[in-house]
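Novice: Sharing a structure here in structure tokens format.
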Amino acid sequence: MSNSTHIQTILNGTIHSLKTILPMIIDVKSPSIINEPYEQLEMGVLIGLVGDVKGRIIIDGTPESFSAIGSAMFGMPLEGAMLESFTGELGNMIAGNLCTYTVQHDLELDITPPTVMVGHTKLFGFKQAFKIPATLEGIGDLIILYTIDTEEEE
């Protein structure tokens, strides 16, 4: 399978995972390609992908949007350490669901433990990334970033 087919599978799987995990209407915009650095302004979670493709998925939002997602999923708003823990687990749920999706499409992926990032962060270390903006009804916006680690040019 070609690298572009892998990328398309991961992008489709990411959208599928969002719509499967999150209990609200989600409007996913068209992906775009961005170059480094990527600036996260408030809060996000980074999960590494290993296997047939190596890269990272970053879910970027605001503490308010992650708290509102937690409230929609569990019936109570989250804050502080609980919010940070939930943000990491949300990343796990989305990335884990992505792995289940990709294996059904002949792409083996595994994930690393989540890294929750709070505050202004600049992300370097990738040549380009796919940015998927999503609007969650009644909550706000999330940005899903998929970076690819390329070891060789194809």
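The values are calculated or read from the model by the stated rules, or taken from the named source; none is laboratory data. The structure presented is a predicted model; accordingly, all values stated were derived computationally and were not measured. With ideal geometry, Cβ positions are generated from the backbone for all residues, glycine too; neighbour counts draw on all protein chains shown. All accessible areas refer to the heavy atoms of the entire protein, side chains included, with ligands and DNA or RNA removed. Shrake-Rupley method; radii C 1.70, N 1.55, O 1.52, S 1.80 Å.
Novice: How would you rank 11-17, 75-81, highest first, on the average number of other Cβ atoms within 10 Å across their residues? Kindly include the intermediate steps, with their values, before the conclusion.
Specialist: Values: 11-17: 19.7, 75-81: 11.4.
Those peptides, ordered most packed to least, come out 11-17, 75-81.
Novice: Give me the accessible area per residue for the chain, probe 1.4 Å, as a whole number in Å². Provide the component values of the computation, followed by the final result.
Specialist: On the way: 7710 Å² over 154 residues.
On a per-residue basis, the chain sits at 50 Å².
Novice: Over segment 17-154, what is the mean sequence separation of C-alpha contacts under 8 Å (at least six apart), divided by residue count, expressed as relative contact order in percent?
Specialist: After rounding, I find 40 percent.
Novice: Leaving out ligands, DNA and RNA, and with a 1.4 Å probe, what % of the accessible surface on the chain is carbon or sulfur?
Specialist: The C+S portion of the solvent-accessible surface of the chain is 52 percent.
Novice: While we're on this one: Can you compute the modelled spin-label distance between VAL118 and SER71, with each label point 7 Å from Cα toward Cβ, in nm?
Specialist: 1.9 nm
Novice: In nm, to one decimal, how far is the ASP149 label point from the ASP110 one, both placed 7 Å along Cα→Cβ?
Specialist: Using points 7 Å along Cα→Cβ, the separation is 1.3 nm.
Novice: Round to the nearest 0.05 the FRET efficiency obtained for LYS54 and THR20 when R0 = 22 Å and r is the Cβ-Cβ distance.
Specialist: On the way: r = 24 Å, r/R0 = 1.09.
Approximately 0.40, to the nearest 0.05.
Novice: Amide H of LYS54 versus every other amide H placed in the peptide plane: which residues, excluding those fewer than 5 positions away on the same chain, fall under 5 Å?
Specialist: ASP149
Novice: How would GLU108, GLU36 line up by accessible area, probe 1.4 Å, largest first?
Specialist: GLU108, GLU36
Novice: Now a separate question. Would you mind calculating the gained length between ASP27 and LYS127 on full extension (0.36 nm times residue separation, minus the Cα-Cα distance), in nm to one decimal?
Specialist: Value of the extension gain: 33.3 nm.
Novice: Oh, and also: Sorting check: for 39-50, 19-30, which peptide has the highest mean count of neighbouring beta carbons within 10 Å, and how do the rest follow?
Specialist: Highest mean packing first, the order is 39-50, 19-30.
Novice: Contact order normalised by length for segment 47-94, with contacts defined as Cα pairs under 8 Å and 6 or more residues apart; what percent is it? Mind dumping the intermediate values first?
Specialist: On the way: 30 pairs, mean separation 13.3, N = 48.
It comes to 28 percent, rounded to a whole number.
Novice: Would you mind computing, in nm to one decimal, how far apart the modelled labels at THR100 and THR5 are, each placed 7 Å from Cα along Cα→Cβ?
Specialist: Inter-label distance under the simple model: 2.5 nm.
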